[in-house]
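See below for the structure under consideration.
The values are calculated or read from the model by the stated rules, or taken from the named source; none is laboratory data. It should be emphasised that the depicted structure is a prediction, and the values quoted were computed from it without experimental measurement. In this analysis, Cβ positions are derived from the backbone assuming ideal geometry, glycine residues included, and neighbour counts consider all displayed protein chains. For accessibility, only protein heavy atoms count, side chains too; no ligands or nucleic acids. Shrake-Rupley method; radii C 1.70, N 1.55, O 1.52, S 1.80 Å.
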Amino acid sequence: MKPPPRLRRTTHKNPRVLLAFIASMLTCTLTAPMMPAHAAGTQQAPMGDVFTNYTPQLGGDATVGGLLKVEHSPMLTFGPGSESPSYSYSWARDGVTIPGATGPSYRALQSDLGHVIAASVTITYDPESKVTIAAQSPLRIAAAARARGFDGDDTMDLFARDAAGRLLLYPTDGHGHWKPARVIGTGWNIFNYVLSPGDFDGDGAIDVLARDHQGRLFLYPGNGSGGWKPATQVGQGWQLFNELMAAGDFNGDATNDVLARDAAGRLFLYPGNGRGGWLPARQVGQGWNGLDSVGAGHFLGSSDLVVLSRSSAGDLQVRTTNRNGWFDQHGTSAGLAGIIGWGWQSVSRFGAAGDFNGDGYADLYGIDPDGRLTMYLGDTYFFWWYGLSGFRWQPSAVVGWGWGGFNAVF
């Protein structure tokens, strides 16, 4: 939901003129809400006054390598004359202006990890008629997400394990095409659960977690170029869980975390400490049995994190968190933000690994019982205006065959 409209101005020269202008502006907004600002009636703002009805929002992927955006598309502005205003931008790290960052978007760097990024928009009609507005919700930059890819080229890829225990990497070119697959490990059939949490040890490279049949959990750190650093054991007793999810920085401390579901349907948060270890775990939900769930990161293009769940009826459900350590609606099974798809019982497995076709929107993959790999292309362009009801699917396409021969894809 958008925040309620409110008026902002640069100066307060004549109270009577100001009140008359606000009244005329509100009347014009009610009678012709779709008019552009410069055509909304014949009223003109007093010289030096600039008004707007909307506070810009800061959103996007608040992770290392992710793109942050200032969104002010619903904004109506009013100023002197009939000319449209110009917009300029500034970005700050922990309150200090970032040199050269003057566009409506900013891609977070490894040096931004753990720091708070903020943005401001300046609306200008003339040198004496302008106003600067801080975008809402400055964001702390978290460690690199799974969507950054394993081989260091910042494009989506998929891991797949075959029956012989080989782990293969299927990289993409960032424009909807596969690069040649290659084997990046052998002997992985000793594990009964594998997933990628993104960068778990804080070195900027994407990592993998793997659980063996004894319940031991191992970290396989990536080296940032499609290979490995030495593995280490990072836990035991994980056989208690029947599903593991990696949604990203769930509690807002800039490190990637893991969600784990037990047989009773209780959901637990295992926060990462940013160095390959853990902070104390706690329960964050219940009633999750009967759902097949995957972490989807910043799937909606906002700063909220998303977990997608498939119900037994095939509904694709969305649950969100604003990175405060809890799900919205307390993580109960009824506390979903909404449904963005039906008929998902037709796929044997599904997941989220990033942007397949390079259009800036996160996508999902699904593998059907015949082994066909389909990319379901998301579109969150209207999310800013309409919330989850504005989510759209673009036409999907089969992009691979023979994927039924893999016993793990992530």
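Couple of notes before you dig in:
- The condition (being in a strand (DSSP E or B) and open to solvent by less than 20 Å² (accessible area, probe 1.4 Å)) is satisfied by just one residue among Gly65, Gly59: Gly59.
- Note on region 378-405: among residues that are touching a strand residue (DSSP E or B) at 6+ places or on another chain (Cβ under 7 Å) and crowded, with 20+ Cβ neighbours inside 10 Å, the one that is farthest from Val318 (Cα to Cα) is Trp403.
- For region 362-409, the tally of residues that are part of a strand (DSSP E or B) and basic (Lys, Arg) stands at 1.
- The requirement of being at negative phi, in contact with an Asp or Glu (Cβ under 7 Å, 6 or more places away or on another chain) and open to solvent by 50 Å² or more (accessible area, probe 1.4 Å) is not satisfied by Arg266.
- Identity of the residue in region 269-290, at pLDDT 95 or above and within 21 Å of the chain's Cα centre (by Cα), that ends up most open to solvent (accessible area, probe 1.4 Å): Tyr270
- Strands (runs of 3 or more DSSP E) (entirely within region 275-361) containing at least 2 residues that are β-branched (Val, Ile, Thr): 305-310, 316-321, 338-341
- Residue list for region 305-321, restricted to those being out of contact with any Gly (no Cβ under 8 Å at 6 or more places or on another chain) and either open to solvent by 30 Å² or more (accessible area, probe 1.4 Å) or small (Gly, Ala, Ser) (or both): Ser309, Ala313
- Residue check for Leu300: open to solvent by less than 60 Å² (accessible area, probe 1.4 Å) and under 20 Å from Glu243 (Cβ atoms): no
- Qualifying residue in region 232-249 (condition: modelled with pLDDT of 95 or more, assigned to a loop (DSSP other than H, G, I, E, B) and under 18 Å from the mean Cα position of the chain (by Cα)): yes
- Test: residue in region 330-349 that is of a type outside the set (Val, Ile, Thr), more than 30 Å from Asp253 (Cβ to Cβ) and without any contact (Cβ under 8 Å) to a residue 24 or more places away in the chain: no
- Looking only at region 249-263, and only at residues there that are buried (at least 21 other Cβ atoms within 10 Å of the Cβ) and touching a Pro at 6+ places or on another chain (Cβ under 8 Å), the one that is nearest to Ala142 (Cα to Cα): Thr255
- Evaluation of Ile367 against the conditions (1) farther than 18 Å from Leu244 by Cα; (2) over 21 Å from the mean Cα position of the chain (by Cα); (3) loosely packed, with under 15 Cβ neighbours inside 10 Å shows that the sole unmet condition is (3).
- Any hit, region 331-352, residues being within 15 Å of the chain's Cα centre (by Cα) and closer than 19 Å to Met375 by Cβ: yes
- Those strands (runs of 3 or more DSSP E) of region 68-147 in which at least 3 residues are over 21 Å from the mean Cα position of the chain (by Cα) and either among the hydrophobic types (A, V, I, L, M, F, W, C) or crowded, with 18+ Cβ neighbours inside 10 Å (or both), considering only elements entirely within it, cover 116-126, 129-134.
- Some residue of region 150-164 being among the hydrophobic types (A, V, I, L, M, F, W, C), modelled with pLDDT under 95 and closer than 27 Å to Tyr386 by Cβ: no
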